[in-house]
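Every read-out reported here was derived from the displayed coordinates using simple, explicitly stated rules and does not represent laboratory data. What you are looking at is a predicted structure, and each value in this text was computed from that prediction instead of being measured. Quick reminder, even Gly has a Cβ in these numbers, built from the backbone with ideal geometry, and neighbours come from all protein chains shown.
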Ligand SMILES: Nc1ncnc2c1ncn2[C@@H]1O[C@H](COP(=O)(O)OP(=O)(O)OP(=O)(O)O)[C@@H](O)[C@H]1O
Ligand SMILES: [Mg+2]
């Protein structure tokens, strides 16, 4: 999909950095100085090994993690410049779903989806009811409105999470490994659902994954992360196929090559957090 060059990106991370304090007091740089743009309507993949900084980078977009340096723009506003109460309102532009769904267990499907609409107190009961029904229909779960999460399959739970994330009509949907807890059949169905949602309502999707089929099935653009930095970025062209595309094999080979290189360079450093010391400034 081509974008008019004049259109500003819906997400712009500008020179963002994020360090975490390790138990021994050292700082570990999870995201090194990074600039990244995602255009409106795109489906953008963040790919990389475990510990590469994918989740941290994603969480910088909605300021679940605040950058140590740099600026974050979403839907034309600089989130990093907003006072707390305005940030809360601006976050309505950003929905998020997680690997473990993060639903409220003792609430119905309806109430889970209604939750982000109720906390702002700006909508009437009727408006909330209409919007919840609309979002449940979008994910094909209209008949599960009165169920509780425990009564749903994994794929259904994630679809409730998608409905909840979309309820406030965000411009951006952030997805952190949304299919990792699902079997391959359910994964396929969920990816198709996300693609359909992107097509129908034009919401910009940013998805973190280490599963290459997810990239192939869903993404138009991909950034590969390594040790907190974007090392490759490219468009995924060509038809979506169940078998691997040539490009998919390239991505696959690229990631495997990079994984191998990383291990050869630092054979002692596996993904375990206790062993990460020293990677930061390598
Ligand atoms: N709150 C935290 N405190 C300390 N270190 C953290 C924290 N969050 C992340 N890290 C470290 O930052 C690095 C990047 O973490 P992140 O979760 O972004 O990686 P990831 O690419 O999402 O990995 P995975 O594929 O395993 O989810 C890791 O080394 C991790 O241990
Ligand atoms: Mg992660």
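Stretched out fully, how many nm does the piece from residue 85 to residue 119 gain, at 0.36 nm a residue minus the Cα gap?
11.0 nm
Where does each of 31-37, 121-127 land if you order them by average Cβ count within 10 Å, highest first?
Descending packing order for the listed peptides: 31-37, 121-127.
Contact order normalised by length for the range 70-185, with contacts defined as Cα pairs under 8 Å and 6 or more residues apart; what percent is it?
Dividing the mean separation by the residue count of the range 70-185 yields 40 percent.
Sorted from largest down, what three extents in whole angstroms do the Cα atoms of the range 1-154 have along their principal axes?
Cα spread of the range 1-154 along its principal axes, largest to smallest: 48, 45, 34 Å.
Across all directions of projection, what mean area in square nanometres is found for the Cα convex hull of the range 1-91?
The Cα convex hull of the range 1-91, projected and averaged over all directions, gives 7.1 nm².
List the equivalent ellipsoid semi-axes of the range 166-207 in whole Å, largest first, each obtained as the square root of 5λ for an eigenvalue λ of the Cα gyration tensor.
20, 12, 7
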